[in-house]
Structure formats: C-alpha cells, structure tokens
Amino acid sequence: MRVNHLTERVSSWKKHSTFIVGRKHQTAIYNQSDSPLRYKEGQTGEIRWKWIHLPMKSQNRTINKLVVSNEGTEETTVRLNIRYEMIARGAEVVYYSPSQESLIVHDRNCYALFGGMTSQETMCKYSTTLLDEAGRHETEHAAMQPIVQFSHGWGLEYHMVLQPDESGYFYEWEMKHEDLLWLEDAHAQYLGLLSSGAGTARSIVNE
C-alpha cells in the first residue's frame, strides 16, 4: 500500500473515511485531519482501489476521488462511509438539503456543504448526528433526522454494486463559504461536471 501526505487547511472538524466491501471487509482510508492524504491505494477483499486527493486552487474547497475495481467472480456491494466530528464544540446547526442532496453545516459565521456522487449516480445515506467508528448513530432516534442543532458530528455514505471485472468511482467533496447560495451553486456545478463523463475532473482542477 502506498501513501503520500500533504499539508492542507485546518478545519474545526476532523474527518474519517472508511471503504466497506460486502459485510466482511473494511479499510480506513482517511483518518488524519492534521496530515491529509494526497494518494493511497490498496485492496479490500476482492476490490482493488485507489484514493486520490484532487488539487484545488481554493483553500475552501476539497474534492477526493476513490476508484474501485471488482477483481472477484461475484457481484459485490461497496460503500464509502465519510464521518465528520467537531474538534472542540458543536456546530450551530446541521441539516440535510433534499434539493441539493447534501449536508449543510452552519459553523459560527460560515456555511459548509458536504456532498458527493458515484459513477452509478446512486443516492447517499446521511446522518446529521455523530456516528461512531462502526457507523452507528450517536442516538438511534436521530437516524435520518433532517435537521439538528448543536450537532457534534455528521456523516454520509455512498454505495455501488459492482459486477465481476467492473470498475467504478466515488467523488466526495466539501466546500466552505459565507454565502449559502454560492455554495449551492458550486455544488450543482460539481454534480453537473462530474456526472457528464471522463475528463471533467480536469475542468474542476483548473477552475
């Protein structure tokens, strides 16, 4: 397994992402908020994967890509679980936007938006409350609750079904801005560009 590090902005939350294959295998991909990754690759079960941090000119945007390939002989469900946890205090409000299919956080004087997509354009599961390392909700009654005040964390999970010899990818991103409408517009542009086929990542990187 190869790992490269880079220095990136420090947020008021820390991030963990886990790649899950079927019901038996999982790998922690991103779990170092003080030293984020640029590139990582490995194999989990029968799935070979590569995780790539795409460089951005803006320090208020982060976008990552996970490429996966099924080298086994059976259909396999794969999931990317992304978990955020506030470092020292709770966010003022965390809510799910059904029109944007994303989580939006108000953190003091700024908004942050968390979203993503897959090559199969499957919808995500979301949590506006803190999840533990195994992906369980902090409180069961809060599962899928659309809005939470003073939340200490949140999470998203994207899934795909891969046939033998089939490949796919996950994109996941976060962005921060004081203007909520600006965030929603930028998120919509990401969805449009990244769902339109190969070569769109170059447009994002060079914006």
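The values are calculated or read from the model by the stated rules, or taken from the named source; none is laboratory data. Keep in mind it's a predicted model, so treat the numbers as computed, not measured. Here Cβ is always computed from backbone atoms with ideal geometry, including for glycine, and neighbour counts include all displayed protein chains. Please note that ligands, DNA and RNA were not included when accessible areas were found on the heavy atoms of the full protein model with its side chains. Shrake-Rupley method; radii C 1.70, N 1.55, O 1.52, S 1.80 Å.
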>> Restricting to the range 43-60, name every residue that is in contact (Cβ under 8 Å) with a residue 60 or more places away in the chain, surrounded by 14 or more Cβ atoms within 10 Å (Cβ to Cβ) and farther than 17 Å from MET160 by Cα.
In response: LEU54, MET56, ASN60
> How many residues does the range 64-87 hold that are among the aromatic types (Phe, Trp, Tyr) and more than 18 Å from the chain's Cα centre (by Cα)?
Replying inline: 0
> Can you pull out the residues in the range 65-101 that are open to solvent by 40 Å² or more (accessible area, probe 1.4 Å), farther than 16 Å from GLU121 by Cα and touching a Leu at 6+ places or on another chain (Cβ under 9 Å)?
Replying inline: GLU75, GLU85, TYR95
> Looking at this structure, is TYR111 on the phi < 0 side of the Ramachandran plot and within 15 Å of the chain's Cα centre (by Cα)?
Replying inline: no
>> Taking the condition of being touching a residue at least 24 places away in the same chain (Cβ under 8 Å) and outside any loop (DSSP other than H, G, I, E, B), how many residues in the range 13-32 meet it?
In response: 11
